[in-house]
Each structure stands twice: as structure tokens, then as C-alpha cells.
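The values are calculated or read from the model by the stated rules, or taken from the named source; none is laboratory data. Keep in mind the model is a prediction, meaning the values are calculated, not measured. Note that we place each Cβ from the backbone using ideal geometry, even for glycine, and neighbour counts take in every protein chain shown. The area values use the complete protein model at the heavy-atom level, side chains included, leaving out ligands, DNA and RNA. Shrake-Rupley method; radii C 1.70, N 1.55, O 1.52, S 1.80 Å.
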Amino acid sequence: MTDVPSVSTGDRLFAALQHVLPKHIMSRGIYAIARSESRFVKNTFLRIFLNLFDINMAEAVQPNPFAYRTFNEFFTRALKPGARPIAIESEFVVSPVDGTVSQVGELLNESILQAKGQHYTLQELLAGDEESIATYTNGSFACIYLAPYNYHRIHMPYAGAAFKNIYVPGDLFSVNASTARAVPRVFARNERLICEFNTPIGRVAVILVGALHVGSIETVHCGEVNPPPRRNKRPEIIAQGVGREFKKGEELGRFNMGSTVVLLFERGRIHWDTSAMHANATVQLGRPIARVSQ
């Protein structure tokens, strides 16, 4: 595994600011703004966003950003058919998203690398679910960050059937590289939805991690999970959607604002493609990221 740069003063200041910000209240406000059907609100927000980020609208089903009813509809826009070809061969695991690899590798027992000098555990990430902890101990993991300019739908890395869904309440720190370097256990501290699947290559977890300004996490099989205001205080098992079968590359859900996906595989089931999967590598939905072990 490749370490990322050491924590800078800027990283520490950004992390310190987040500790005092009313993150849930801010996210509640962004949730309302992003869904406003006021043309003035939507277009103002859009112009600011489009000035900040270079968005490739040519690959969207609706290429005119101002034609969307709300900012959130624009943000979670669909792509044209064929814009992201899926490597359908059974030997490949594919990227579930467009994004940037934060870290990737093998777990040392339950320990997962977050950044240089920063680790967290399966116990923390999986909210103490002993059965799932045992399943993924010494397995393989990857963390992929979705920046604001990325396509924000999440797809299946391999064909499988939904086995378990657990919503875990938590904080809403940013999950960008700066925060990952400076905030210990950030992926295990933030709220998240743990989706596990039974697949031909064993159990696979796709964990959707919430973040600053992520107003909600929406899935195909569970619907919108705990939109603000957040009332849940303890992990919640979601029975809805269990047993639903997904093809490789099929849409699983979407982030209503940007965040991170954590992938977990059982021990010895896959081999990462190290040319495509290393810290700071850019990945694209549907491209191979690992080979299935023979």
C-alpha cells in the first residue's frame, strides 16, 4: 500500500474548523437548498457550482444543466447509455464509481489503512457486527473518494444479491484527502450505510459513507436512508430490499452530494490491479479494478 503525504498545517486547520462547525445543521440546509424548485435558488446554486468545477455535461442524458428541476437532480444526473462500458467478464471486479482511490490493499487482521499514520478497524467501521467482522478479517479493502465534480451514482462492482443493510448514524466530517490525513477514523466516525451482498466470489460489502453536506444516501433497494433531520442514534438494520439481485454495473444508489465508498472482500477472493488501484489513482465506473482469484 502507498502512504499519502504527512499532515500539513492546512490539514490540521481544516480539521479543527470541522470540529466546531454545526455539520448536521449545515447539511440540513444544503438538503433543502439542493431540492428547492425555485428557479432563482436552483440557478444561482448551479452557476456557483459550474464556475467552481469543470463538469462534462456531454456525457449526461440531459446535457443542459439548467434543464434539471432541482440542483440535486443535476448533481445525481444519469449518464447516457454506453458512457461507462462495464467489463462484464466474470474474472473482473469493476469500479462501482467514478472517483479517486484514497487507499487500497489487504487488511492486517481487522486494521484498515486510512492515511499515513492513520488506521481504523473493522470493529469500528462495521459498528460491532461480529458476524461481518469475522467475514472480512484479513480480507481486501478499497476506499474511493467522489469529488463534487464526479458522477454521483454508485453501481455494483460484481453481480450479487442483497444480504444485509445496516444504517449507522454518526458525524459528518468531510471525507476529502485533507480530512482523511488529519481526522482519525473518519470513515468509521461518519454516518454510513453498510450494504452486503452474496456473490459468486463470496460476501462483498459496499459501504456508502456520508460526509459534510451529504443530505442523504439513496439506494435502489432501500430507498432514501435517514434524510435530515437525523433522529436515529443507534445502528439500524434495514430489512427492505434484502434478497434483491443486482447485475454487475447495475445502479445501486447515489450520494446526494459527494462522499466515499468503502469496498470489502473476503480473504483471498480477489487480487487488486495495482496499475489501476493505488493511492491517488483515478478510477472510472465499469473499469476493472481487480481479478477474481482462481
### Query
Exactly one of (1) modelled with pLDDT under 90; (2) assigned to a loop (DSSP other than H, G, I, E, B); (3) open to solvent by 70 Å² or more (accessible area, probe 1.4 Å) is unmet by Arg28. Its number?
(2)
### Message
Name the residue that is modelled with the lowest pLDDT, counting only residues in the range 134-175 that are outside any strand (DSSP E or B) and aliphatic (A, V, I, L, M).
### Response
Val175
## Note on the structure
Inside the range 54-86, the number of residues satisfying the requirement of being more than 19 Å from Asn256 (Cβ to Cβ) and among the polar types (S, T, N, Q) is 2
### Message
With the structure loaded, tell me whether Gly99 is small (Gly, Ala, Ser), farther than 20 Å from His221 by Cβ, buried (at least 24 other Cβ atoms within 10 Å of the Cβ) and under 17 Å from the mean Cα position of the chain (by Cα) or whether it fails that test.
### Response
yes
### Query
Looking at (1) open to solvent by 70 Å² or more (accessible area, probe 1.4 Å); (2) at pLDDT below 95; (3) over 30 Å from Ser140 (Cα atoms), which is the one condition that is false for Phe66?
(2)
### Message
Are there strands (runs of 3 or more DSSP E) fully within the range 231-281 with at least 2 residues that are within 19 Å of Val292 (Cβ to Cβ)? List them.
### Response
260-265, 270-272
### Query
If a residue has to be among the polar types (S, T, N, Q) and open to solvent by 20 Å² or more (accessible area, probe 1.4 Å) to count, how many in the range 258-281 make the cut?
3
### Message
Return the residues of the range 176-209 that are in a helix (DSSP H, G or I) and either at pLDDT below 75 or open to solvent by 20 Å² or more (accessible area, probe 1.4 Å) (or both); say none if nothing qualifies.
### Response
Ala177, Ser178, Thr179, Ala180, Arg181, Ala182, Val186, Phe187, Arg189
